[in-house]
1. Would you be able to say whether some residue in region 107-114 is of a type in the set (Val, Ile, Thr) and in contact with a Leu (Cβ under 7 Å, 6 or more places away or on another chain)?
2. Just to check your reading of the model, which residue among TYR164, TYR173 is assigned to a strand (DSSP E or B) and of a type in the set (Phe, Trp, Tyr)?
3. Consider region 13-29. How many of its residues are of a type outside the set (A, V, I, L, M, F, W, C), on the phi < 0 side of the Ramachandran plot and open to solvent by less than 70 Å² (accessible area, probe 1.4 Å)?
4. Just checking, does region 49-58 include any residue being surrounded by fewer than 18 Cβ atoms within 10 Å (Cβ to Cβ), closer than 25 Å to LEU202 by Cα and not β-branched (Val, Ile, Thr)?
5. Would you confirm whether any residue within region 177-185 is open to solvent by less than 40 Å² (accessible area, probe 1.4 Å), within 28 Å of GLU118 (Cβ to Cβ) and either among the hydrophobic types (A, V, I, L, M, F, W, C) or without any contact (Cβ under 8 Å) to a residue 40 or more places away in the chain (or both)?
6. Identify all residues within region 186-201 that are within 19 Å of ILE107 (Cα to Cα) and either assigned to a strand (DSSP E or B) or open to solvent by 30 Å² or more (accessible area, probe 1.4 Å) (or both); write none if there are none.
7. When both residues are 6+ apart or on different chains and their Cβ atoms are under 6 Å apart, which pairs have a first residue that lies in region 30-46 and is surrounded by fewer than 16 Cβ atoms within 10 Å (Cβ to Cβ), and a second that is charged (D, E, K, R) and at pLDDT 95 or above?
8. Taking into account only those residues within region 86-95 that are in a loop (DSSP other than H, G, I, E, B) and either of a type in the set (A, V, I, L, M, F, W, C) or in contact with a helix residue (DSSP H, G or I) (Cβ under 9 Å, 6 or more places away or on another chain) (or both), which is surrounded by the fewest Cβ atoms within 10 Å (Cβ to Cβ)?
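The values are calculated or read from the model by the stated rules, or taken from the named source; none is laboratory data. Computed from a predicted model, the values in this text were never measured in an experiment. Glycine gets a Cβ as well: all are built from the backbone with ideal geometry, and neighbour counts include every protein chain shown. These area figures cover heavy atoms from the full protein model, side chains too; ligands, DNA and RNA do not enter into them. Shrake-Rupley method; radii C 1.70, N 1.55, O 1.52, S 1.80 Å.
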Amino acid sequence: MEDVELPVPHVDIIISEWMGYFLLYESMLNTVLYARDKWLKPGGLILPDKAVIYLSAVEQDQIKKERIDFWENVYGFDMSALKEVALLEPVVDVVDADSVVTNAVPILNIDILTCTEEDLSFITPFQLRANRSDYIHAFVAFFECAFTRIPKPLGFSTSPHSMYTHWKQTIFYLRDAITICEGEVISGRIECRSNKKNERDLDIGLEFNFEGRRQNVNKRVEFRLR
């Protein structure tokens, strides 16, 4: 895109399907912002023009055993070293809506007409409240996109409660499960930035604190989406 020259100085509309896993994976939005700043005329449209990432928490005992704990005994071999690697990398897959334990909160809200590349690296505090008493094995992120500046605004969601999309959801597994009771709150913050060696990858940090009736937890975990 940076090398493209158009036969006109400005355009009225930019349409791009730039969304990646966790919305921002592969840094494709950066190219859209470059095109916007170079070619979009004042008052022009970008479609879609709004996007929001949400965070929630889920119970996935059996699935975590199959994906993560599996490495502790691979046909009789202890391959726990690979479990540590597996915990570092988020999993992109479909999450059953019935496994969602908490509410979902926005952690990034961007207006594509006005945001900058710097806005795509963020640190956001969050509070998740349990809808029922259960175990939490992972945090899960999903996103929504909207077309708000057209005559009949519309949008779509990649939530576990919505129809399937190829973006699915992004799952951040925890080493140890959290026991939470209905109404209790997990507080924390999530950090996201492009990886210094490969800007298409994302470094994501989750720091959380939980003081419940059955368990207290204070941890920070690091992930790399690649």
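1. Yes, some residue in region 107-114 is of a type in the set (Val, Ile, Thr) and in contact with a Leu (Cβ under 7 Å, 6 or more places away or on another chain).
2. TYR173
3. Total meeting the criteria: 3.
4. no
5. No, because not a single residue in region 177-185 is open to solvent by less than 40 Å² (accessible area, probe 1.4 Å), within 28 Å of GLU118 (Cβ to Cβ) and either among the hydrophobic types (A, V, I, L, M, F, W, C) or without any contact (Cβ under 8 Å) to a residue 40 or more places away in the chain (or both).
6. ILE186, SER187, GLY188, ARG189, ILE190, GLU191, CYS192, ARG193, SER194
7. Final answer for the pair search is GLY44/ASP12.
8. Selected residue: VAL94.
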